[in-house]
Structures are given as structure tokens and as C-alpha cells.
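Reading through the C-alpha cells given below for one structure.
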Ligand code: AMO
């Protein structure tokens, strides 16, 4: 990890004088001279205070401030061959905006390893570290890139409700909400709404919004609130039309991260590889056989599981593929809205896996009203509670399909971070509701 060499665009320099505002990162008192490192969003700047040349009162106030206090310092800018920036500031004015309490709950520059929980408990302080912040600069860039790619593909950005009357992704992970005395839930996904929009002539929609899952599993890839990047498109022949769009979008965003995120990647000391195209496709059944060859027995019809996914990731990595599709999962494993592959126990579904982890799932939807109603019944769901959704299918629904990508899972895989919580400012999980 390296502190970025700052740019100087936010230091206003007039006639060799400048003011810099920021946090006091470090003070080194060497008797006759003190060095004060000021940090702002752009990086750091050294303030050099020779005792003889600086007003004694200012010198005393400045050099006794606790670390992380917030100041504005004005003074003369001088060239220096002692600093990375080639500049230093000789102070003549000081305004103290806030004195930091001590001890700090967490050091910003200390090299000591801190428990991840301590970091999350003190997240605002943790976010003062450039390497923590860099992840979120990249997440912001990722969102920009997604918007650009989706616009390019003719998708309309929509916003669907996050308080809903019925869930789409199974009852086990629903968060109930008291909605004026009625039972409501936090949306697990925009699934029902994005599909309803396909009946309107809004042929291609996308959304990036929070999704809520009452996940009872405490893992490095599950949280109870994540950002779901969803797409839905009409007039498809089958799921391959969706996969083609997704592949384009993924390549665009990863390339964008590599090219436009270079300065943040450098802070993180990370290199991102552009996956090879076309992304290869494995069927679910092929995965079961491949796993069996490696000694992992999975009954046809069962979930591949985290370990199975990882092993498939290893097999694909040997062939030089970071990103690949797993298609045609058993219908029994998939939600009611996924279309069955006629006459087979399999479905028109896909997962997109990135180095051994599912980052997205999707597929062609069942758009035929009667079939959809029987699919709900087969899954033990009451079609009555899906009436508003089903209504959209009764009066003319085109063939359609789409995907949901876990934005943080994508980022975590891209940056090779160890835990999804690294990619969420204030993560929510079974044990964490604050900060
Ligand atoms: P699914 O339930 O597979 O599909 O979710 C889609 C993607 O969302 C991410 N994800 C999660 N990320 C973090 N924490 C969680 N608890 C979590 N749960 C899911 C994953 C996953 O691949 N409606 C369908 C998508 C569709 O068919 O369009 C859906 O939600 O990256």
C-alpha cells in the first residue's frame, strides 16, 4: 500500500503563498525543526516549521496538536528535494477547526494489523486510510461505467420499490416490515417489477439499488444489504441474447476500471486482468461430471455449493478463464420465474462465475401466463399473493429475460479482496446493524 503522491490542484498558491486544509497525519519534532504532515483527499503535504523562523506561539500550537486534528495552514511554498512532492510549506497562519481526541480508536498510518471488526466499528476513521477509500473510489467508477455501458446498449435506468408486498427470491430471506399495520417486506430484488416493465414497451431496463436478504449465513460473500445491478430485456430468443449483452457490459466495465481506475489500483497495489472472451459456457451437468472427476460427488439436481464453485473456478483458471457461464441449472433449483427447458428437468438459466464465485444469476423468464401460474403452484406459492405481478402477464407479455449482478461481489473478485464487507461502506449482516 502506498500513499498517493498528491496533486496540488486544491492548494491555492498565490505569489508563492498557499493554504492547505486537512488532517494532521503526523508530527515529527526534531528540536530545532518540526515536520507536520497534512493529509487531504488528494494526498499529503509536508509543513516544515523551523523554530527560529516561525512565530513561537504558532509553532507551539501547531506542534502540540494531537494527530488527526483538522486545520488550515497558510504559509510560503518552497521547493524541496526532501519531499515526494518537491514542495514544502513554511507556516505563518494556523486555524484549528477541530482537535482530535486521543488515543485514536484506530491509527491511520500505523502499520499494525487491526482486526477487521475494529476497522468496521470505527469505519469513518478506517476510511481516512487512502487504501480503504480507494476501494470506494473504484466502486464509484464502477457505477459510472455500468451506467455508460447500459446507455450504450439502449437500456433505460429505472427505480422500483424497495418496500414490497411479496418476495421473489424465497421466503427464508425476507425482512418483514410493519407497513401501516400491514405486513410488507424489504425487496430482495427488483425481479417482479423489472419483469412487469417488460409488458409496457420499455424493452430494456436496468437498475442499481439496494437489495435486502435476511441471510442467516455468516460468510465472506453474504451480507443482508447489497447493491444489485439488474437488467431485463424483452424480445429475446433465449438466454444467450442476455448473456451476449452481459459479456459486453462486463468487458466494458473491467476495461474501464483498468484504464480509468489506475491511480486507485496503484494505491491498493492491485492489478486487474481483463477476462478472456468469449466467456466459455459449461452446463450444470458438465460441472457435476467435472467435479466428480476431481473426486467431489454431487447428486444431479443438487446445488454445486461453495466448494464445488471454487473447484470449477480452479479448473477454468487452468484453462486461462477468469469469467465463465454455468447454464441450464435444474428447474427444481431455480425460482418460479425461470423458464423450463421444454421436456427436460433443466432450465433456461445461467450463472456468471468469476474466479470460482457466482457473481450473477439470471435467465429467460416464463412469460406465458398459464404456465407461470402453474409454476407458482408447483413451488408451493399462492398465485393470489402475486396478482399484481400476474396481471402484467395476462394482457400480452413478450418473451424476456435478465440478470442480477451483486455489485460488491463483482468488485471483490475484480480487486481480489478477502471479504465482501471490504466493498461496503457500512456493511449489514447478521451481527452488524451499526455504524
Ligand atoms: P440471486 O438471488 O442469485 O438472483 O442474486 C443475484 C446476485 O446477487 C448477489 N447476491 C448477494 N450478494 C451479497 N450478499 C447476499 N446475501 C447476496 N445474495 C445475492 C449475487 C447473486 O449472484 N432476481 C434474481 C436475478 C435475476 O434472475 O435477474 C436474483 O436475485 O452476486
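The set of residues in segment 252-277 being part of a helix (DSSP H, G or I) and in contact with a strand residue (DSSP E or B) (Cβ under 9 Å, 6 or more places away or on another chain) consists of 254 alone.
Taking segment 209-244 as the region of interest, how many residues are surrounded by 19 or more Cβ atoms within 10 Å (Cβ to Cβ), touching a helix residue (DSSP H, G or I) at 6+ places or on another chain (Cβ under 9 Å) and farther than 10 Å from residue 401 by Cα? Looking only at that region, the number is 10. Restricting segment 184-212 to residues that are under 20 Å from the mean Cα position of the chain (by Cα) and in a loop (DSSP other than H, G, I, E, B), which is nearest to the ligand (Cβ to nearest atom)? So the residue we want is 189.
Of the residues 424, 405, the single one that is surrounded by 13 or more Cβ atoms within 10 Å (Cβ to Cβ), out of contact with any strand residue (DSSP E or B) (no Cβ under 7 Å at 6 or more places or on another chain) and within 30 Å of residue 274 (Cβ to Cβ) is 424. Only residues that are within 14 Å of the ligand (Cβ to nearest atom) and either free of Cβ contacts under 8 Å to residues at least 40 places away in the same chain or part of a helix (DSSP H, G or I) (or both) were counted in segment 147-183, giving 5.
Condition check ((1) touching a residue at least 12 places away in the same chain (Cβ under 8 Å); (2) loosely packed, with under 14 Cβ neighbours inside 10 Å; (3) under 22 Å from residue 33 (Cβ atoms)) across all residues:
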{"residue": "67", "(1), (2), (3)": "yes, no, yes"}
{"residue": "86", "(1), (2), (3)": "no, yes, yes"}
{"residue": "92", "(1), (2), (3)": "yes, no, yes"}
{"residue": "115", "(1), (2), (3)": "no, yes, no"}
{"residue": "122", "(1), (2), (3)": "yes, no, no"}
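Looking across segment 325-352, the residues that are farther than 15 Å from residue 379 by Cα and under 29 Å from the mean Cα position of the chain (by Cα) come down to 325, 326, 327, 328, 329, 348, 349, 350, 351, 352. Could you tell me whether any residue of segment 317-331 is under 24 Å from residue 228 (Cβ atoms), assigned to a helix (DSSP H, G or I), within 13 Å of the ligand (Cβ to nearest atom) and at pLDDT 95 or above? No, the conditions are met nowhere in segment 317-331. Among the residues of segment 100-109, are any in a loop (DSSP other than H, G, I, E, B) and surrounded by 18 or more Cβ atoms within 10 Å (Cβ to Cβ)? Yes, segment 100-109 contains a residue that is in a loop (DSSP other than H, G, I, E, B) and surrounded by 18 or more Cβ atoms within 10 Å (Cβ to Cβ). Scanning segment 213-242 for residues that are assigned to a strand (DSSP E or B) and more than 9 Å from the ligand (Cβ to nearest atom) gives 233, 234. Taking first residues from segment 292-303 that are without any contact (Cβ under 8 Å) to a residue 40 or more places away in the chain and partners that are surrounded by 10 or more Cβ atoms within 10 Å (Cβ to Cβ) and in a loop (DSSP other than H, G, I, E, B), the Cβ contacts under 8 Å between residues at least 6 apart in sequence or on separate chains come to 292/298; 298/304.
Being within 16 Å of the ligand (Cβ to nearest atom) and either without any contact (Cβ under 8 Å) to a residue 12 or more places away in the chain or within 20 Å of residue 20 (Cβ to Cβ) (or both) is a property that does not hold for residue 107.
The values are calculated or read from the model by the stated rules, or taken from the named source; none is laboratory data. For clarity, every value in this text was computed on a predicted model and none was experimentally measured. As a convention, Cβ positions derive from the backbone with ideal geometry for all residues, glycine included, and neighbour counts pool all protein chains shown.
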